[in-house]
Each structure stands twice: as C-alpha cells, then as structure tokens.
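We did not get these values from a lab; they are worked out from the coordinates using the rules stated. Keep in mind that what you see is a predicted model, and the values were worked out from it rather than measured. In this analysis, Cβ positions are derived from the backbone assuming ideal geometry, glycine residues included, and neighbour counts consider all displayed protein chains.
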Amino acid sequence: MKLNEIMVSGRAAVITGGANGIGLASAKAFAKAGMNVCIADNDEAQLKIAASEMANFDTQVIFVQTDVADFDSVMALREKVQANFDDVAIVMNNAGIGAGGGAMTNLSGWQKVMSVNLFGIVHGVQAFSPMLIEQGRPAVIINTGSKQGLTNPPGNAAYNASKAGVRFLTESLAHELRNTQGCEVSAHLLVPGFTYTGLISKRVPEKPDAAWSPAQVVEFMLEALAAGDFYIICPDNDVTVALDRRRIEWNTRDVVENRPALSRWHPDYAEEFADFVQS
C-alpha cells in the first residue's frame, strides 16, 4: 500500500463518526492533502459545527447524517458518496459510543453498544468494500478499535466485547482482501491511546496531560499507514509503545499459560505482572 497513491488531490475519503474527535481531525488532514471528504455522523448539531470548521478548505466536503447501526442508512450514505465522488480512496469506519455494561447487567446497553461499535463497522465494511474493490485503484479501509478490545480491562464488558469484535472483523477483512484476486484495497485497525475526544470532554472540561489530541492520533495513523502497518496502536503521553506491547503480550499469555481470566488484575499475579512489564 502506497499512501502517496491514496491521499491524492481529487480522490475522496469517507469518515463515519466524522463530526468530532479523531474523525474530524482525520477529515481535516485529508482535506489539507487536497482530498474530497464525506463526513458522516448521527449528530445533526455536531455536523453543523463540523461544517463551520471545514469551511476554509478548498476541496469538496459533504455532510451526511447517518445512523451506522442501521444498514439502510449506511447504504444511503454510500449512494450519496457515489453521487458526489467518482473515486473513493479511504473509508474510515470510526463511529462509536462508550455505553455498555457489565457481563451480567444492562442488556439494553449491550444491544446499543454492539449495534453501533460492532455492527456499525460491519455495515460500513459490507457497504463500501465491494465498491472500493470494483474501482481497481489503491484504497484503504480503516476501522477504529480500542485497547480495551485487546486487553479487556474490567469495568465495561459490553464496550470491550464490541471493540474485540472490531479487531477480529478487521483481521478477517484484511485476510480476505489480500486473497481477492486483483484487489488493491487493504484494511487497517486503528487503536487510539488515551485521546481527548468529544466523549471525554463531556465529563472532563480540559485535556488531561496524559491524553493525546485527536490530531496527534491522526499524525501517528498516517505515519503507520505509510509504513504499511495493519495494527496502528497509538501511544499517548502516559503509555509508551513498549508498555502497550507488554500489556497485550501478558493478556495473550493468559490463554497460552491457562492463567485465571484477566490475571493482570488478579491479586495473586500483581507482583509477577509488575515485574513483567518492567523487564
């Protein structure tokens, strides 16, 4: 995958959850490169704010209210994109919510978070993948996951499960794309670190020192895409790349070594985990 064949003036990017946070920062980066942009979001008021922030870019930018949990709505988005743009180079399935619940509670929360975080990306993949393949040009699908989908910290089982599903979906998509004859489309998993987005700003009025800005995440993402990385696991101002890797490795070893589930948070393994991440 050559980023200089994808982020090209005149080609287009489609971003769900694009009206704020990482989505809007991505839209600005793509537009700055001369790309046309479609910002899709379910929040009509936020779309209007995004429109004012994108007004100074000298490219075509369209705004489409979209409910990614509804496949018909995502298909309507695709039709709008095809009516406006001849050549789509980037589809970024970024829409997500933070709701959820514990393993034994809040069934409605589970249903909602799965419908947006997991099925929203399934819908985006199934709506746009055939179109991108048919174009016959280099293109990328970027799905936004979460570190909680890799290490499963206690506290929000529904959210973690939805993002774990995004990981496995995107891995399977990458495999299928590279085994499709003549296909020039690749898939990538974006895993932000602690990022000061709209979801967090509702609870925390100022950016914590530990958090990255959405623009920093996008800068890291573009560097990783240029390198051809599938796993784009972002650090932040508190967690290094090395620490992320040790945490992910520990979580995987729970399965290999048949340790208790989530042993990182098990008191019997606290000292061993601390030594492991420092080694």
Check your understanding: Setting aside same-chain residues fewer than 8 positions from K112, which aspartates and glutamates have a Cα under 20 Å from its Cα?
Key -> D41, D43, E44, D67, D70, D72
Study note, to complete from the structure: Links exceeding 21 Å between C-alpha atoms in this model, out of K32/K207; K2/K80; K32/K163; K48/K202, come to K32/K207; K2/K80; K32/K163
Study note, to complete from the structure: With 0.36 nm assigned to each residue of separation and the Cα-Cα distance removed, F276 to E5 gains 93.4 nm
Study note, to complete from the structure: Expected sort for 133-146, 43-56, 104-117 on mean C-beta neighbours within 10 Å, highest first, is 133-146, 104-117, 43-56
Practice item. Just order 267-273, 16-22, 230-236 by mean Cβ neighbour count inside 10 Å, highest at the front, would you? Key: 16-22, 230-236, 267-273
Review point. Residue by residue through the stretch 73-89, which ³J(HN,Hα) values in whole Hz follow from phi under the Karplus form 6.51 cos²θ - 1.76 cosθ + 1.60 (θ = phi - 60°), with glycine and proline marked x?
Key: 5, 5, 5, 5, 4, 4, 4, 5, 4, 5, 6, 9, 10, 8, 9, 9, 9
Check your understanding: For the Cα atoms of the chain, what angle does the longest principal axis make with the long axis of helix 157-178, in degrees from 0 to 90, nearest 10?
Key -> 60 degrees
Point to revise | Within-14-Å neighbourhood charge of V218 [Cβ basis; K, R +1; D, E -1] | key: -1
Practice item. Only residues of the stretch 84-115 count here: report those whose backbone N is under 19 Å from the spot 7 Å along Cα→Cβ of K202, or say none. Key: 94-102, 106-115
Exercise for review: Quick one: go through the stretch 134-167 and flag any residue whose amide nitrogen is under 13 Å from the point 7 Å out along the Cα-to-Cβ line of F230.
Suggested key: 167
**Study point:** Inter-label distance for A210 and D87, nm, one decimal - labels placed 7 Å from Cα along Cα-to-Cβ
**Key:** 4.4 nm
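Starting from the coordinates of the alpha-carbon atoms of the chain, obtain the Kirkwood hydrodynamic radius over all distinct pairs and give the value in Å to one decimal.
The answer is 19.4 Å.
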Check your understanding: How do 159-166, 250-257, 66-73, 77-84 rank on mean C-beta neighbours within 10 Å, highest first?
Key -> 159-166, 66-73, 77-84, 250-257
Study note, to complete from the structure: For R178 and V256, extending 7 Å from Cα along the Cα-Cβ vector and measuring point to point gives, in nm, a value of 2.0 nm
